[in-house]
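Colleague: So that we are looking at the same thing, I have put the structure below in structure tokens.
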Amino acid sequence: MLLARTALAALLTIALESAALAAEFDFEVYRTQVEPIFLKKRPGHARCAVCHEANNSAFRLVPRAPGAATWTEEQSRRNFENVTHLVTAGDPNTSRLLIHTLSPDAGGDDFHGGGRQFASKDDPDWKTIADWSSKPNKRAPGS
């Protein structure tokens, strides 16, 4: 019984920490400005969603329904929760999502199996994700 209570307490703590982390970021900005970047075809690269809907890496995207161009709101919320674990609020230069996909010449880490999506921090899409992750959520909870 004690083991079950300990396990339940641990799961509850993880859930609360996850909810608190997601509350730091604006879901609507994520859904309308950041998430579309994962579907965008970039010259010389596959779309992020091509690999990350099918793999089990830290950056996991929920598979879209066959033929769907975008994710449903529920799927976007699941993606949002996963993505928020890969960004550091207020510090894009330590956010795994941004550094992992950035060219090493621009400060990125050494390896990304999908190539370097961003040649520099001046890339408009890199800036969009960085801006979103840099601004704490100012909206009231539940709005």
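The values are calculated or read from the model by the stated rules, or taken from the named source; none is laboratory data. All figures in this text were calculated on a predicted structure; none of them were measured in a lab. Note: ideal-geometry Cβ built from the backbone for every residue, glycine included; neighbour counts use all protein chains shown. To get the accessible areas, we keep the full protein, side chains included, count just its heavy atoms, and leave off ligands, DNA and RNA. Shrake-Rupley method; radii C 1.70, N 1.55, O 1.52, S 1.80 Å.
Colleague: Filter the stretch 31-75 for residues that are touching a residue at least 40 places away in the same chain (Cβ under 8 Å) and of a type in the set (K, R); which is nearest to D131 (Cα to Cα)?
Modeller: R31
Colleague: Which ones in the stretch 100-115 are surrounded by 13 or more Cβ atoms within 10 Å (Cβ to Cβ), farther than 18 Å from V83 by Cα and in contact with an Asp or Glu (Cβ under 9 Å, 6 or more places away or on another chain)?
Modeller: Within the stretch 100-115, A106 is the sole residue that qualifies.
Colleague: With the requirement that a residue be at pLDDT below 95 and either in contact with an Asp or Glu (Cβ under 9 Å, 6 or more places away or on another chain) or among the polar types (S, T, N, Q) (or both), what does the stretch 41-67 give you?
Modeller: R42, N55, N56, S57, R60
Colleague: Then there is this: Go through (1) more than 17 Å from D125 (Cβ to Cβ); (2) free of Cβ contacts under 8 Å to residues at least 12 places away in the same chain one by one and return the number of the condition T88 breaks.
Modeller: (2)
Colleague: Only one of R60, R31 is within 12 Å of the chain's Cα centre (by Cα) and assigned to a loop (DSSP other than H, G, I, E, B). Can you tell me which? Let's see the steps before the verdict.
Modeller: On the way: R31 fails: assigned to a loop (DSSP other than H, G, I, E, B).
After ruling out the rest, the residue left standing is R60.
Colleague: Quickly run through the stretch 89-99 and pick out the residues that are open to solvent by 40 Å² or more (accessible area, probe 1.4 Å), under 19 Å from E35 (Cβ atoms) and not in a helix (DSSP H, G or I).
Modeller: Residues of the stretch 89-99 that are open to solvent by 40 Å² or more (accessible area, probe 1.4 Å), as a first pass: 89-91, 93-94, 96.
Now narrow it down to the ones that are under 19 Å from E35 (Cβ atoms): 89, 96.
If the condition is that a residue be open to solvent by 40 Å² or more (accessible area, probe 1.4 Å), under 19 Å from E35 (Cβ atoms) and not in a helix (DSSP H, G or I), then A89 is the only one that fits.
Colleague: Of the numbered conditions (1) surrounded by 13 or more Cβ atoms within 10 Å (Cβ to Cβ); (2) in a loop (DSSP other than H, G, I, E, B); (3) at pLDDT 90 or above, N137 satisfies every one except a single condition; which is it?
Modeller: Of everything listed in (1) surrounded by 13 or more Cβ atoms within 10 Å (Cβ to Cβ); (2) in a loop (DSSP other than H, G, I, E, B); (3) at pLDDT 90 or above, N137 misses just condition (3).
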